[in-house]
Amino acid sequence: MERTPATSPVIEFREVAYALPNGEPLLQGLNLEVQRGETLVLLGRSGSGKTTTLKLINRLLTPGGGEVRVNGTPTAESDVIRLRRSIGYVIQDVGLFPHFTVERNIGLIPRIEGWNAERIHRRVEELLQMVGLEAQLASRYPHQLSGGQRQRVGVARALAADPAILLMDEPFGALDALTRDQLQREFLSLQQRLNKTVVFVTHDLREALRLASRIALMEAGKLVTVLPPEDFLRSSDPLAAAYVRAFGEGPASVVNRGAS
Amino acid sequence: MNVFHFFLQNHEQILELTLEHLWLVGISTLLAVMIGIPLGILSAHWPAWNKPVLGAANIIQTIPSLALFGFLLPVPWLGDRADRLAILALTLYALLPVIRNTYTGIRGVDPAVVEAGRGMGLTGSQLLFQVELPLALSVILSGVRVAVVVSVGLATIAAAIGAGGLGEFIFRGLAMVNNQLILAGAIPAAVLALSADFGLGWLERRLRPQ
Ligand SMILES: Nc1ncnc2c1ncn2[C@@H]1O[C@H](COP(=O)(O)OP(=O)(O)OP(=O)(O)O)[C@@H](O)[C@H]1O
Ligand SMILES: [Mg+2]
């Protein structure tokens, strides 16, 4: 086991390359570090490789070149099941199990990990409260929930076994503006309490500015720049500037001031 | 004498042949499920298996049933007893709908759900037994339903090689040009097929995920 000093990154991409099944290169020479407790937002347009980058972290995909390290260990060398259980994953399409109630959806990994029923039940209650859902929703099936409620259950499920790392792929993308706004606020207050290491994918600059400790801008499979929100607004990088321009007036007002 | 009287008078034999018929269909369906579901899972997970497996099942399906019985007759242990032979043939026919529906059912599971399961650290078998199979169950069951209904009809032909079942009435009736005998075989067979269709259809709807 390699010793990891307290300052070393939790997630680290070293010269990572990834090619599509047809051989076409998608990611090339990707270097990126995510520090403990920060919210790194991957920002980029559709098809820029955000989801792909995220999936390289929990080894749903394996790099064709270079390596991805989680807590200092290359993912290729770690037990993939243990790795994934130590990382919460909220996917773009939620993906709740339609044949399980909310309670079973959230409690699946704890149950597999051998927690007793009482402990699972308490944990589910705690999590539902944490994500702002009423306890009586526990016995509902996913199709009996609204889109916003489903997203919240997805977040609760990812947090179930208390992973230190959270990967979130456009979790609020499909929601109306008001619900999205509310969930973003809740995310910020949750993150202040839980202090997880979060990688958050979005194509929405306002969301990125609001939630991020740092924004990593992606374009066509390359990392363009990694900057804290306030610097991103002033960046001289042409692509970052184009983003800010496209966003119009007033982005500065939303910048995340909660993160260190 | 009308059909009704005939049924009353011969109810013991009708019952006996119906049970024999049920046995042929039941055992062969069970075997087809035990073989077909694993093959369906295999071809759903490993695309390389898909073509050969479904292809072979398809080819079997195109062999006329009498010819298949004929092919199998000279096979040593099998040919010794007509019911073994009939069960094997019926199993082979029942395979296609079971394999095909298992394949379709598993392939039809929402990819987002599978990805969420893999992403949260389910092992392959946890994913299969807790997510994929439960979600594919109603589709698999509809394959079993098709298999059973087809088998009930096909099993009547098994009487041609002396395997028993309701086909005995039908073949005897044909030989003696006796409609009542034919109906004594055909009506219970139709009732069996319809009840299997109805019962399994009901189960299938109950198990269908929302
Ligand atoms: N399995 C695959 N087979 C072929 N092409 C793929 C596959 N997965 C991703 N791609 C392609 O790779 C590119 C990047 O995909 P990725 O999902 O990482 O983009 P993204 O940045 O998450 O986009 P979005 O914002 O639309 O979700 C896209 O052009 C996509 O079409
Ligand atoms: Mg994506």
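The values are calculated or read from the model by the stated rules, or taken from the named source; none is laboratory data. In this text, all values refer to a predicted model and were calculated from it rather than measured experimentally. Cβ: placed from backbone, ideal geometry, glycine included. Neighbour counts: every protein chain shown. Just so you know, the surface numbers come from the protein's heavy atoms only, side chains and all, with ligands and any DNA or RNA stripped out. Shrake-Rupley method; radii C 1.70, N 1.55, O 1.52, S 1.80 Å.
Test A:ARG180 against the stated conditions and say whether it is closer than 17 Å to A:GLN92 by Cα and part of a helix (DSSP H, G or I).
So A:ARG180 passes the test.
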Qualifying positions in the stretch B:111-136 - at the interface with chain A (Cβ under 7 Å from one of its Cβ atoms) and in a loop (DSSP other than H, G, I, E, B): B:MET120, B:GLY121, B:THR123
Subset of the stretch A:1-30 [within 16 Å of ligand 2 (Cβ to nearest atom), touching a Phe, Trp or Tyr at 6+ places or on another chain (Cβ under 9 Å) and open to solvent by 20 Å² or more (accessible area, probe 1.4 Å)]: A:LEU26
Filter pass, B:LEU183 being open to solvent by 40 Å² or more (accessible area, probe 1.4 Å), of a type outside the set (Gly, Ala, Ser) and either modelled with pLDDT of 90 or more or assigned to a loop (DSSP other than H, G, I, E, B) (or both): yes
Subset of the stretch A:31-52 [away from chain B (no Cβ under 14 Å) and within 16 Å of ligand 2 (Cβ to nearest atom)]: A:LEU40, A:VAL41, A:LEU42, A:LEU43, A:GLY44, A:ARG45, A:SER46, A:GLY47, A:SER48, A:GLY49, A:LYS50
Selection status of A:GLN192, open to solvent by 40 Å² or more (accessible area, probe 1.4 Å), modelled with pLDDT of 90 or more, not in a strand (DSSP E or B) and not charged (D, E, K, R): yes
Close pairs from the stretch A:15-28: first more than 12 Å from A:GLY66 (Cβ to Cβ), partner within 8 Å of ligand 1 (Cβ to nearest atom) and assigned to a strand (DSSP E or B), Cβ under 6 Å, at least 6 apart: A:LEU20/A:LEU26
Of all residues making up the stretch B:110-136, the number that are open to solvent by less than 20 Å² (accessible area, probe 1.4 Å) and farther than 20 Å from A:ARG157 by Cα: 1
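B:ILE37: closer than 26 Å to B:VAL191 by Cα, modelled with pLDDT of 90 or more and under 15 Å from the mean Cα position of the chain (by Cα), yes or no?
In short, no.
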Residue in the stretch A:58-72 that is open to solvent by 50 Å² or more (accessible area, probe 1.4 Å) and either within 16 Å of ligand 2 (Cβ to nearest atom) or assigned to a helix (DSSP H, G or I) (or both) present: no
Condition met for A:GLU113 (among the acidic types (Asp, Glu), open to solvent by 30 Å² or more (accessible area, probe 1.4 Å) and over 16 Å from the mean Cα position of the chain (by Cα)): yes
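Return yes or no: is B:LEU203 under 29 Å from B:VAL131 (Cβ atoms), among the hydrophobic types (A, V, I, L, M, F, W, C) and open to solvent by 40 Å² or more (accessible area, probe 1.4 Å)? Steps first, answer last, please.
Working: under 29 Å from B:VAL131 (Cβ atoms): yes; among the hydrophobic types (A, V, I, L, M, F, W, C): yes; open to solvent by 40 Å² or more (accessible area, probe 1.4 Å): yes.
It is true that B:LEU203 is under 29 Å from B:VAL131 (Cβ atoms), among the hydrophobic types (A, V, I, L, M, F, W, C) and open to solvent by 40 Å² or more (accessible area, probe 1.4 Å).
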Qualifying positions in the stretch A:20-52 - touching a His at 6+ places or on another chain (Cβ under 9 Å) and closer than 19 Å to A:ILE165 by Cα: A:LEU43, A:LYS50
Selection count where residues are open to solvent by 90 Å² or more (accessible area, probe 1.4 Å) and part of a helix (DSSP H, G or I), scope the stretch B:1-34: 12
Filter result for the condition that a residue is closer than 30 Å to A:GLU33 by Cβ and surrounded by fewer than 18 Cβ atoms within 10 Å (Cβ to Cβ), over A:ALA158, A:ALA164: A:ALA164
Residue within the stretch A:81-91 that is open to solvent by 10 Å² or more (accessible area, probe 1.4 Å), in a strand (DSSP E or B), within 16 Å of ligand 2 (Cβ to nearest atom) and within 14 Å of chain B (Cβ to nearest Cβ) present: yes
Selection within the stretch A:93-148 - of a type in the set (Ser, Thr, Tyr) and in a helix (DSSP H, G or I): A:SER139
Residue among A:HIS121, A:HIS99 that is within 14 Å of chain B (Cβ to nearest Cβ), open to solvent by 40 Å² or more (accessible area, probe 1.4 Å) and over 20 Å from the mean Cα position of the chain (by Cα): A:HIS99
